[in-house]
1. Out of the residues in the stretch 81-114 that are free of Cβ contacts under 8 Å to residues at least 40 places away in the same chain, in a strand (DSSP E or B) and crowded, with 21+ Cβ neighbours inside 10 Å, state the one that is farthest from the chain's Cα centre (by Cα).
2. Tell me which residues, restricted to the stretch 117-130, are touching a Ser or Thr at 6+ places or on another chain (Cβ under 9 Å), surrounded by 13 or more Cβ atoms within 10 Å (Cβ to Cβ), within 23 Å of residue 86 (Cβ to Cβ) and not acidic (Asp, Glu).
3. Condition check: within 24 Å of residue 23 (Cα to Cα), assigned to a loop (DSSP other than H, G, I, E, B) and either touching a Phe, Trp or Tyr at 6+ places or on another chain (Cβ under 6 Å) or open to solvent by 50 Å² or more (accessible area, probe 1.4 Å) (or both). Does residue 155 satisfy that?
4. Which residues, taken from the stretch 58-99, are in contact with a strand residue (DSSP E or B) (Cβ under 7 Å, 6 or more places away or on another chain), hydrophobic (A, V, I, L, M, F, W, C) and over 22 Å from residue 1 (Cβ atoms)?
5. Kindly state which helices (runs of 4 or more DSSP H) lie completely within the stretch 10-58 and contain at least 2 residues that are without any contact (Cβ under 8 Å) to a residue 24 or more places away in the chain and surrounded by fewer than 13 Cβ atoms within 10 Å (Cβ to Cβ).
6. Looking only at the stretch 84-106, decide whether some residue is within 23 Å of residue 156 (Cα to Cα) and hydroxyl-bearing (Ser, Thr, Tyr).
7. Applying the selection to the stretch 131-149, what residues are of a type in the set (D, E, K, R), loosely packed, with under 14 Cβ neighbours inside 10 Å and either touching a Phe, Trp or Tyr at 6+ places or on another chain (Cβ under 8 Å) or assigned to a helix (DSSP H, G or I) (or both)?
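The values are calculated or read from the model by the stated rules, or taken from the named source; none is laboratory data. Predicted model, so just to flag it, every value in this text is computed and none were measured. Here Cβ is always computed from backbone atoms with ideal geometry, including for glycine, and neighbour counts include all displayed protein chains. These accessible areas exclude ligands, DNA and RNA; they are computed on the full protein's heavy atoms, side chains included. Shrake-Rupley method; radii C 1.70, N 1.55, O 1.52, S 1.80 Å.
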Amino acid sequence: MLIKINSFKKIDRIKLMDIYSEGNIENIDYFYSDMSDKNEALKRIEDNFLNYIKENFFKNIRNKYMILEVDGIWVSALRLYYVEDGLYYIEALETHPEYRKKGYGAKLLLQVLDLLKETGGFKICDCIRKENIASLATHKKCGFEIVSEKGYDYLQKESDERSYGMEYTY
């Protein structure tokens, strides 16, 4: 089932952090390598993540967190940013580590595309790291195309040579 979340109050923090658990653990060494208490470092990363969603992401009332729920479990999620009429940007497409390689990321992406098709024509952009073969394959499977050797981050308003620019146009 597709869940559309448009306010921080509707976020189930535990279920969301379960989806992003692997990335959050990887970020410990990047952001808090000097901390000996890795549990405290993980808590800080999760708090910062949730604070970003609350204080930044939901400032635009047209942004939505899109969640794929299966049997009461949040298995995949993404942030859908409204950029301007007919233009959206995706960030943080992630699938819970225990549910990967089962097509849930593609299923979520396809459901989001179907939902947007109901509103008329649109374009969705995303930046995918060149080494992230799984995400590239998922996006291509869903109809996205590589349109640039440099991804354009609509949030930071900058290009990234480490990423491809991908688009889906309807």
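1. So, considering only residues that are free of Cβ contacts under 8 Å to residues at least 40 places away in the same chain, in a strand (DSSP E or B) and crowded, with 21+ Cβ neighbours inside 10 Å, the one farthest from the chain's Cα centre (by Cα) is 88.
2. Step one: list which residues in the stretch 117-130 are touching a Ser or Thr at 6+ places or on another chain (Cβ under 9 Å), which gives 121-124, 126-130.
Pick out the ones that are also surrounded by 13 or more Cβ atoms within 10 Å (Cβ to Cβ) and you get 122-124, 126-130.
Among the residues that remain, those that are also within 23 Å of residue 86 (Cβ to Cβ) are: 122-124, 126-128.
Those that are touching a Ser or Thr at 6+ places or on another chain (Cβ under 9 Å), surrounded by 13 or more Cβ atoms within 10 Å (Cβ to Cβ), within 23 Å of residue 86 (Cβ to Cβ) and not acidic (Asp, Glu): 122, 123, 124, 127, 128.
3. Taking the combined requirement at face value, the residue satisfies it.
4. 83, 87
5. Details: elements: 13-19, 21-32, 38-55.
Ranges flagged: 21-32, 38-55.
6. yes
7. Result: 141, 145, 149.
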